[in-house]
Structure formats: C-alpha cells, structure tokens
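S.K.: Please read through the structure below; I'll follow up with questions.
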Amino acid sequence: MTNTTLLDPAASADAPGEVLAAARERKAAALEAERDLFVLAIEWAAMHSVDSLGDAATWEWAPGGDGPCLIAGPGAPKVSEFCIPEFAAALGMTHDSGKAYLGDAIEVRYRLPGLWALVVQGHVPVWKARRVAQQTVTLSAQAAGFVDRHLAPVAAKIGPAQLDRLIEEARVRFDPADAERRRVEATEHRRMDVHTDQVGYDGTVAVDGCLDLVDALDFDAALRVGAQKLADLGCTESLDVRRSMAAGELARTQLALDLTTGPAAPTGPGSGARRWRDLNLYVHVSEAALRGVTGELARVENTRTFVSPDQVASWCGLPGTRVVVRPVIDLTGHVHTDAVEVTDRLRDQGVVQHVTCVFPRCSRPARRCDCDHMKPRNKGGPGCRCNTAPLCRRHHRLKTHGGWTYTVVDATSFVWTSPYGYLYLRDHTGTTDLTPDRPA
C-alpha cells in the first residue's frame with residue numbers, strides 16, 4: 001500500500017491544526033456534493049412527474065409499459081416508473097436503491113418543506129434528511145407536517161435517536177388508536193430465545209429477546225451488579241464477558257420462579273422469599289396525562305423515550321412496586337449550597353434542566369454524569385446552579401486534564417473551546433459549530 005502524505009509537516013509549525021482544518025474542508029466538500037445530488041434528484045423527478053407528462057386523468061398507459069409510480073408518502077407527486085432505472089443506472093445504483101433515493105428526495109421536498117429548505121441551505125446533511133424521510137413516508141400528511149414543524153428548528157443539531165423519538169411521537173399523537181393497538185400487540189411479542197441449536201465451534205450461543213421495559217432495566221441492573229461482583233472477586237475478563245458470566249450465574253441460582261407474595265411471606269436466607277432488586281424508573285407525567293387527556297404522553301427519563309400513561313399505570317400496579325411522587329422542580333430557582341458535596345436537590349435540578357452531558361454532541365444521560373463545577377470549589381467557585389453542569393466521566397476528564405474549556409452563555413447554553421481553538425455552542429437544541437474557517 002502506498003503511503004501518501006497529504007500535508008508536509010515541515011510546511012507549518014502547527015501541522016496537527018492544518019490536518020484538522022484540511023479534514024473539515026474535505027468533509028464540507030463531501031456534504032456539498034451530496035446536497036447537490038439530492039437537488040438534482042428532485043429536478044429529475046420533476047421532469048418525469050405525472051404533471052409534467054400531461055393530465056394524469058387522460059394519460060393513456062400502454063399495457064405493460066410506463067406508468068405513474070408513487071414512491072413517497074400520501075400527497076406527494078407520482079413519477080414515471082421508467083425514469084427510475086435510468087436514474088439508478090447513471091449513479092451506479094441498483095433499481096431498488098435508486099428508487100429509494102428518489103423517493104426520499106420527493107418525500108423531503110414535498111412533504112417536509114421546512115427540512116428541505118435546511119438541506120438546500122446546507123444546514124442539514126442529506127443522510128439525516130433521508131433518515132427522516134424513510135420514517136415519515138408511512139405517516140399521514142398531518143403527522144408529517146407535525147414532524148416537519150417540530151424538527152426544522154433543531155434538525156441540524158439533534159441526533160438519530162432524537163429523530164426517531166420525534167417521529168414516533170407524531171405517530172402516537174395523530175393516530176392514537178393505532179398506537180394503542182400496537183402497544184397491546186407488543187405485549188404479545190415479548191420473548192426470550194436461547195439459540196442452543198446454533199452452537200459454534202467456540203462453544204458460544206446467541207441469546208436475544210424482547211422484554212417489557214421494567215423487566216429489561218431490572219435484568220440489566222442484575223447483570224451489571226453480577227459483573228461488578230465478579231470483578232471484585234478477581235475476575236480479569238472484559239465487562240462484556242463478565243456480564244455474560246453473570247447471566248449464567250443468575251440462571252444457576254434461580255432455577256425456579258419464586259412468586260411468593262403477601263405480608264406473611266417468609267424472609268431471610270434459605271426461606272425462598274422473593275428478593276426485590278432496587279430499581280429506579282424515573283417517569284415524568286403531566287397533570288393532563290393523569291386526567292386521561294388523549295394524546296398525552298409520559299416521559300421515561302432512564303431511556304429518554306415516552307410511553308402511554310396506561311403503561312405507567314400497569315408498572316405502578318406490579319407487586320412490590322413503591323411509587324414516589326416528587327414535587328415539580330423549579331428550573332428557574334437558584335439552588336445554592338455551602339457544602340463541598342453537591343446536594344440531591346442541586347443535582348436533580350441539573351438533571352432535569354440539561355437532560356444529558358453538556359459536552360458537544362454527547363448524549364449520555366445527565367443522571368449518570370458527574371456534577372462538574374465550572375469554577376472549582378477550591379478556587380472560589382460557588383456551589384450553586386449557575387456554577388454546575390452535568391459532565392459524563394469521559395468528558396469531565398477532558399475538561400480537567402485535556403485542555404477543553406467552556407463558558408456559560410445562559411442557564412442551558414455553553415460555548416466550548418477545543419485545544420486547537422475550535423468553538424462549539426451546546427444548548428438545549430443540540431450542538432452548533434461556531435468555528436471560523438481558520439481558528440486562531
């Protein structure tokens with residue numbers, strides 16, 4: 001393999017910075033080229049739409065010949081079927097890939113106009129627009145409009161998981177009957193499969209399943225505790241291996257389901273009493289949802305997803321469940337402490353306010369993060385909301401030892417500066433690159 005040097009390190013005293021700048025330029029050029037191709041796809045489709053070829057009502061199609069083809073969602077224009085293979089062949093795509101690409105372009109252009117404008121302006125990459133289109137194509141025009149209105153202001157900043165949640169919310173809000181039907185049906189598809197009929201030479205088998213969220217979180221917590229206990233006992237295997245070993249230990253120590261309930265159930269070692277694990281599920285429910293208002297949702301903080309209020313009610317009704325209702329946290333209140341340690345009230349306010357780690361493009365839940373003091377306490381930093389923010393352990397280390405710094409813009413907005421001078425605004429809508437072409 002030939003080793004090609006793109007830049008002469010001796011040509012600049014800041015060679016690493018030049019490499020980063022060149023990489024950003026190449027990335028920008030690639031995104032621009034993909035945007036131009038997306039626009040050309042629409043021009044091709046417009047030239048071969050039903051409207052461009054004549055009145056659809058009077059257009060006579062030869063048997064077995066060309067015909068109108070709907071490749072986007074309801075309300076989008078149809079195109080000539082025979083224009084698809086020509087486009088696909090010119091781009092080196094298969095027929096199905098070319099059809100999918102044209103369909104995504106039509107979906108964005110005609111059913112997601114706000115998103116289309118951002119794509120044309122270069123603010124949203126084509127891959128992200130296509131991901132949205134592939135999920136809105138089955139939505140009604142009203143639901144697609146809901147997605148477009150809520151997505152356009154933040155589309156350039158949010159990640160794939162947030163996109164998926166927004167689109168699913170549109171499905172629930174505009175077709176609640178279908179959403180409830182799918183929720184009920186989903187309970188019948190829960191399973192846990194151990195593929196003992198597919199044992200490899202290495203002696204391992206695959207295990208997969210579909211669980212209720214509460215059961216899944218409980219199972220994950222058990223594996224996490226078991227993996228840590230193995231590490232404490234001296235096991236040097238990786239975390240993944242220890243989790244798999246913990247699953248085996250769970251199976252060997254729980255050979256039968258013990259469903260003993262009631263206040264008179266025996267307790268203590270060897271009694272066979274069911275052992276309840278301490279599992280915290282943080283669910284945010286509005287007053288309207290509690291009153292049964294149609295279309296209201298409950299937010300599950302652990303997974304950053306939403307569920308129906310009826311599902312929350314079923315979880316609360318599980319035997320052994322302890323429900324704690326906490327007061328609404330005032331996000332505008334100024335919480336202060338003179339203690340060295342961060343108080344629970346101060347931490348909870350930060351968790352609800354920021355949701356995730358505040359480092360650029362990090363999505364780790366705030367409840368699993370460290371509570372960072374922007375100005376350290378030992379250097380006079382106050383113990384209050386305006387001086388604290390959640391940082392995951394990795395990015396906390398970068399801020400402390402890696403040369404990254406950040407300043408406060410407002411309660412939920414921060415400007416980060418990288419060691420090479422790149423600037424990023426992190427706020428409640430996501431991350432924005434503020435870096436000039438050549439950072440100082």
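The values are calculated or read from the model by the stated rules, or taken from the named source; none is laboratory data. If you're wondering where the values come from, they're calculated on a predicted model, not measured in any experiment. Heads up, the Cβs are rebuilt from the backbone with ideal geometry, glycines too, and the neighbour counts pull from every protein chain shown. Heads up: the accessible areas ignore ligands, DNA and RNA and are worked out on the full protein's heavy atoms, side chains in. Shrake-Rupley method; radii C 1.70, N 1.55, O 1.52, S 1.80 Å.
S.K.: Limited to the stretch 134-158, what total is found for residues that are touching a strand residue (DSSP E or B) at 6+ places or on another chain (Cβ under 8 Å) and open to solvent by less than 20 Å² (accessible area, probe 1.4 Å)? Steps first, answer last, please.
M.R.: Keep residues of the stretch 134-158 that are touching a strand residue (DSSP E or B) at 6+ places or on another chain (Cβ under 8 Å), which gives 154, 156-158.
With open to solvent by less than 20 Å² (accessible area, probe 1.4 Å) added as a condition, the list becomes 158.
Of the residues in that region, 1 qualify.
S.K.: Among the candidates Gly159, Gly145, which residue alone is modelled with pLDDT under 85 and over 23 Å from Pro309 (Cβ atoms)?
M.R.: One residue alone meets the criteria, Gly159.
S.K.: Could I ask something else about it? So Val342 ticks every box in (1) farther than 22 Å from Ile158 by Cβ; (2) touching a Pro at 6+ places or on another chain (Cβ under 7 Å); (3) buried (at least 17 other Cβ atoms within 10 Å of the Cβ); (4) not polar (S, T, N, Q) but one. Which box is left unticked?
M.R.: Of the numbered conditions (1) farther than 22 Å from Ile158 by Cβ; (2) touching a Pro at 6+ places or on another chain (Cβ under 7 Å); (3) buried (at least 17 other Cβ atoms within 10 Å of the Cβ); (4) not polar (S, T, N, Q), the odd one out for Val342 is (2).
S.K.: Of all residues in the stretch 173-227, count the ones that are hydrophobic (A, V, I, L, M, F, W, C) and assigned to a loop (DSSP other than H, G, I, E, B).
M.R.: So the answer is 4.
S.K.: Restrict the check to the stretch 183-205 and report whether at least one residue is at pLDDT below 80, surrounded by 14 or more Cβ atoms within 10 Å (Cβ to Cβ) and closer than 15 Å to Val307 by Cβ.
M.R.: Looking through the stretch 183-205, at least one residue is at pLDDT below 80, surrounded by 14 or more Cβ atoms within 10 Å (Cβ to Cβ) and closer than 15 Å to Val307 by Cβ.
S.K.: Something else now. Determine whether Asp51 is over 24 Å from the mean Cα position of the chain (by Cα), open to solvent by 30 Å² or more (accessible area, probe 1.4 Å), at pLDDT below 90 and not hydrophobic (A, V, I, L, M, F, W, C).
M.R.: yes
S.K.: Test Arg131 against the stated conditions and say whether it is open to solvent by 50 Å² or more (accessible area, probe 1.4 Å) and closer than 24 Å to Ser97 by Cα.
M.R.: Yes; evaluated as a whole, the condition is true for this residue.
S.K.: Take the residues in the stretch 296-332 that are among the aliphatic types (A, V, I, L, M) and open to solvent by 70 Å² or more (accessible area, probe 1.4 Å), then tell me which one is modelled with the lowest pLDDT.
M.R.: Result: Val328.
S.K.: Taking the conditions exactly as written (among the small types (Gly, Ala, Ser), over 30 Å from Gln142 (Cβ atoms) and under 21 Å from the mean Cα position of the chain (by Cα)), does Ala246 satisfy them or not?
M.R.: Considered against the rule, which asks whether it is among the small types (Gly, Ala, Ser), over 30 Å from Gln142 (Cβ atoms) and under 21 Å from the mean Cα position of the chain (by Cα), Ala246 comes out as no.
S.K.: Regarding Arg243, is this residue among the charged types (D, E, K, R) and within 22 Å of Gly317 (Cβ to Cβ)?
M.R.: Answer is no for this residue.
S.K.: Which of the residues belonging to the stretch 206-215 are of a type in the set (A, V, I, L, M, F, W, C) and exposed (fewer than 14 other Cβ atoms within 10 Å of the Cβ)?
M.R.: Residues satisfying the conditions are Ala206, Val207, Cys210.
Each row is one residue, and each column tells you yes or no for (1) out of contact with any helix residue (DSSP H, G or I) (no Cβ under 8 Å at 6 or more places or on another chain); (2) in a strand (DSSP E or B); (3) under 23 Å from Val124 (Cα atoms); (4) open to solvent by less than 30 Å² (accessible area, probe 1.4 Å).
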residue	(1), (2), (3), (4)
Pro390	no, yes, no, yes
His396	yes, no, no, no
Lys399	yes, no, no, no
Val409	yes, yes, no, no
Trp416	yes, yes, yes, yes
Tyr420	no, no, no, no
Tyr424	yes, yes, yes, no
Thr431	yes, yes, yes, yes
Pro436	yes, no, yes, no
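S.K.: If you don't mind, another one. When you check Glu180 against the structure, is it under 24 Å from the mean Cα position of the chain (by Cα) and closer than 30 Å to Gln121 by Cβ, yes or no?
M.R.: So Glu180 does not fit the description; no.
S.K.: With Ala105, Ala88 as the choices, which residue is within 12 Å of Val39 (Cα to Cα), small (Gly, Ala, Ser) and open to solvent by less than 20 Å² (accessible area, probe 1.4 Å)?
M.R.: Numbers: Ala88 fails: within 12 Å of Val39 (Cα to Cα).
Among Ala105, Ala88, only Ala105 is within 12 Å of Val39 (Cα to Cα), small (Gly, Ala, Ser) and open to solvent by less than 20 Å² (accessible area, probe 1.4 Å).
S.K.: Let me confirm something: among Lys78, Lys99, Lys128, which residue is of a type outside the set (S, T, N, Q), within 24 Å of Leu425 (Cα to Cα), in contact with a Pro (Cβ under 9 Å, 6 or more places away or on another chain) and without any contact (Cβ under 8 Å) to a residue 40 or more places away in the chain?
M.R.: Lys128
S.K.: Considering only residues of the stretch 169-181 that are open to solvent by less than 80 Å² (accessible area, probe 1.4 Å) and free of Cβ contacts under 8 Å to residues at least 24 places away in the same chain, which is nearest to Cys362 (Cα to Cα)? Before you say what the answer is, go through the steps one by one.
M.R.: Filtering the stretch 169-181 for residues open to solvent by less than 80 Å² (accessible area, probe 1.4 Å) gives 169-172, 174-180.
Imposing the further condition that a residue be free of Cβ contacts under 8 Å to residues at least 24 places away in the same chain reduces the set to 177-178.
Details: Ala177: 35, Asp178: 34 Å.
Only one residue fits best here, namely Asp178.
S.K.: Identify, please: which residue in the stretch 333-354 is modelled with pLDDT of 75 or more and polar (S, T, N, Q) and is, among those, farthest from Thr429 (Cα to Cα)? Spell out the reasoning first.
M.R.: Step one: list which residues in the stretch 333-354 are modelled with pLDDT of 75 or more, which gives 344-354.
When the remaining residues are screened for being polar (S, T, N, Q), the result is 349, 353.
Working: Gln349: 18, Gln353: 12 Å.
Within the stretch 333-354, the match that is farthest from Thr429 (Cα to Cα) is Gln349.
S.K.: Taking Val358 and the conditions (1) β-branched (Val, Ile, Thr); (2) modelled with pLDDT of 90 or more; (3) open to solvent by 30 Å² or more (accessible area, probe 1.4 Å), which numbered condition does it fall short on, given that it satisfies the others?
M.R.: (3)
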